[in-house]
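Asks: Let me give you the structure first, and then I'll get to my questions.
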C-alpha cells in the first residue's frame, strides 16, 4: 500500500477538482519524487553496469580494431548515461519551478442547460 494514503498526504483540491499531494507537504513530495526518479535511474544504472561489464569481458580476447570499437561504444554509452542523468536532474528542477510559477487554470464542471 502506498504510504501517502496511510499518512493522509493525498488531499482533495477543490479549485482543481482532483486529489493530489500538496506542494507544501514536504514528506509527500519527497516520497513521490524519490519513487518517480529512483525507478528510472536505477534501471538506467543497471543497464549501464551490465553493458560495461559485457564490454570489459569481451575486450580480453579481441583484436586491436575490435577493442578500439568497443572503447568507442563504451564512451558513447557513458555519454548517454551522463546526458540522461543531467536531463533527469534539470527536468526535476524545471518541474518544481513550473509548479510554483504556473498560472492556475480554473476548471469548472459542465452544467447541463435544459
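Asks: Give me the pairs: first residue in region 9-28 and in contact (Cβ under 8 Å) with a residue 40 or more places away in the chain, second residue surrounded by 10 or more Cβ atoms within 10 Å (Cβ to Cβ) and assigned to a helix (DSSP H, G or I), beta-carbon distance under 8 Å, and six or more apart or on different chains, which are they?
Replies: Listed pairs, sorted by first residue: 23/29; 23/99.
Asks: Now, a different point. For region 1-52, how many residues are surrounded by 13 or more Cβ atoms within 10 Å (Cβ to Cβ) and assigned to a strand (DSSP E or B)?
Replies: Total meeting the criteria: 3.
Asks: Could you identify the single residue in 96, 63 that is over 25 Å from residue 9 (Cα atoms) and modelled with pLDDT under 80?
Replies: Testing whether each residue is over 25 Å from residue 9 (Cα atoms) and modelled with pLDDT under 80 leaves just 63.
The values are calculated or read from the model by the stated rules, or taken from the named source; none is laboratory data. Not measured: the values here are computed from a predicted model. As a convention, Cβ positions derive from the backbone with ideal geometry for all residues, glycine included, and neighbour counts pool all protein chains shown.
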